[in-house]
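Notes to accompany the following structure.
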Amino acid sequence: MARFWAIAALAFFTMAGAMTRAGEEKDFTVKGTLSKDDPKDQRRGGPSQVHAVPLKAGKAYTIDMVGPVINPYLRLLDAKGNQIEEEDGALNARILFNCTKDGEYKVVCTTAGAQQSGSYTLTVKMTGPIVKPAASHAQMLGKPAPDFQGDFAVNGKTAKLSVFKGKTVLLAFLDVRSGASTALMPKLAEWHKAHKDQGLTIVGVSFYPTDIGQKLGFDAENGKVVTVATSDRKSDQALLAAYAKHHKIEHLLMTMPRQYALATCDDYVVNGYPQVVLIDRGGMVRLIDIAGEKGAPTVEMELKKLLTEK
């Protein structure tokens, strides 16, 4: 692995930042900049920097990498350089890690795009004792769905999620670059057509690619998202409209600026795309499915159940 030895200068900062005066663990935060001069990550090919972080057995940690103009990518390694986990993030790469052994772990900060460069912030936060995977999602079930609003919409007007209270809502967090998100489109179209008259509202949620340094357009002839020379939020809106038209999306599709998208993704603990959230007529979260983990049949079964509830 590249640059495991390039951590000595950070060690003092790590140890000083990891403890409070009372000896209690504190969040580890570092700000860095990835550039073409950094070693290339052996797995992703982009510039990389490695940070050493001491973690304690029996504790759960949330590791976040946020970059204003890069597509962040995180990898977590043990002291010997063996990879434990990795996570891509269009807006925020996040690893939820249950530590079972004391030691100095290595967090590799890189990008999903080999040619990307820019600043980033890495945060490692101890969240408490070891928890079961996806416990954050489990804790959301039966709780009110966090409210939000997009600033641009296709197939309707931007609106707060809360205005749909009284309807069954299928909330879909999407990334137009994601093959898994695109694969979900036919199923969303099918559910919209079959159940819209029964009180189902489907709300797709996305973000501006320009905000993360991605210059994208839509090739209508081939039905693909492609790289373009220049982009801005207006061209991103045109991309979203063309994407929706090609995939015959008739339900509401909203996008929002990076800072609001990040906050909303944090509220819903979005760790991968697509993420489907089912919300009942009372505005309570009833099911969360990440990238088809539960599968369309399970989502559809719960959806039909919610539609019969008053």
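Some notes on this structure:
One line per residue, one yes/no per condition, for (1) more than 24 Å from Phe207 (Cα to Cα); (2) touching a strand residue (DSSP E or B) at 6+ places or on another chain (Cβ under 9 Å); (3) of a type outside the set (Lys, Arg); (4) in the same structural domain as Met126 (by TED's automatic domain parsing):
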position	(1), (2), (3), (4)
Arg44	no, yes, no, yes
Pro54	yes, yes, yes, yes
Pro68	no, yes, yes, yes
Asp78	yes, yes, yes, yes
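- Those residues of region 160-185 which are surrounded by fewer than 18 Cβ atoms within 10 Å (Cβ to Cβ) and part of a helix (DSSP H, G or I), in sequence order: Ser162, Val163, Gly179, Ala180, Ala183
- The set of residues in region 253-290 that are in contact with a Phe, Trp or Tyr (Cβ under 9 Å, 6 or more places away or on another chain) and surrounded by fewer than 17 Cβ atoms within 10 Å (Cβ to Cβ) comprises Pro257, Tyr260, Ala263, Asp267.
- Residue count for region 137-159, restricted to those that are at pLDDT below 95 and surrounded by 16 or more Cβ atoms within 10 Å (Cβ to Cβ): 3
- Counting the residues of region 122-134 that are part of a strand (DSSP E or B), under 16 Å from the mean Cα position of the chain (by Cα) and either at pLDDT below 95 or of a type in the set (A, V, I, L, M, F, W, C) (or both) gives 1.
Residue-wise test of (1) under 22 Å from the mean Cα position of the chain (by Cα); (2) farther than 30 Å from Gln116 by Cα; (3) among the basic types (Lys, Arg).
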| site | (1), (2), (3) |
| --- | --- |
| Val228 | no, no, no |
| Leu252 | yes, yes, no |
| Arg258 | yes, no, yes |
| Tyr273 | yes, no, no |
| Asp280 | no, yes, no |
| Leu303 | no, yes, no |
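- Flag for Val228 being surrounded by 19 or more Cβ atoms within 10 Å (Cβ to Cβ) and assigned by TED's automatic domain parsing to the domain that holds Leu170: no
- One residue stands out in region 231-252 among those that are closer than 25 Å to Ala93 by Cα and in contact with a helix residue (DSSP H, G or I) (Cβ under 7 Å, 6 or more places away or on another chain): the one that is surrounded by the most Cβ atoms within 10 Å (Cβ to Cβ), namely Asp236.
- Test: residue in region 107-116 that is surrounded by 14 or more Cβ atoms within 10 Å (Cβ to Cβ), among the small types (Gly, Ala, Ser) and in the same structural domain as Tyr61 (by TED's automatic domain parsing): yes
- Residues in region 97-119 that are closer than 19 Å to Arg177 by Cβ, assigned to a strand (DSSP E or B) and of a type outside the set (Val, Ile, Thr): Gly118 alone.
- Hits in region 36-87 - residues which are of a type in the set (Ser, Thr, Tyr) and buried (at least 22 other Cβ atoms within 10 Å of the Cβ): Ser48, Tyr61, Tyr73
The values are calculated or read from the model by the stated rules, or taken from the named source; none is laboratory data. Bear in mind the structure is a predicted one, so any value in this text is a computation, not a measurement. Using ideal geometry, Cβ is built from the backbone for each residue, glycine included, and neighbour counts are taken over all protein chains shown.
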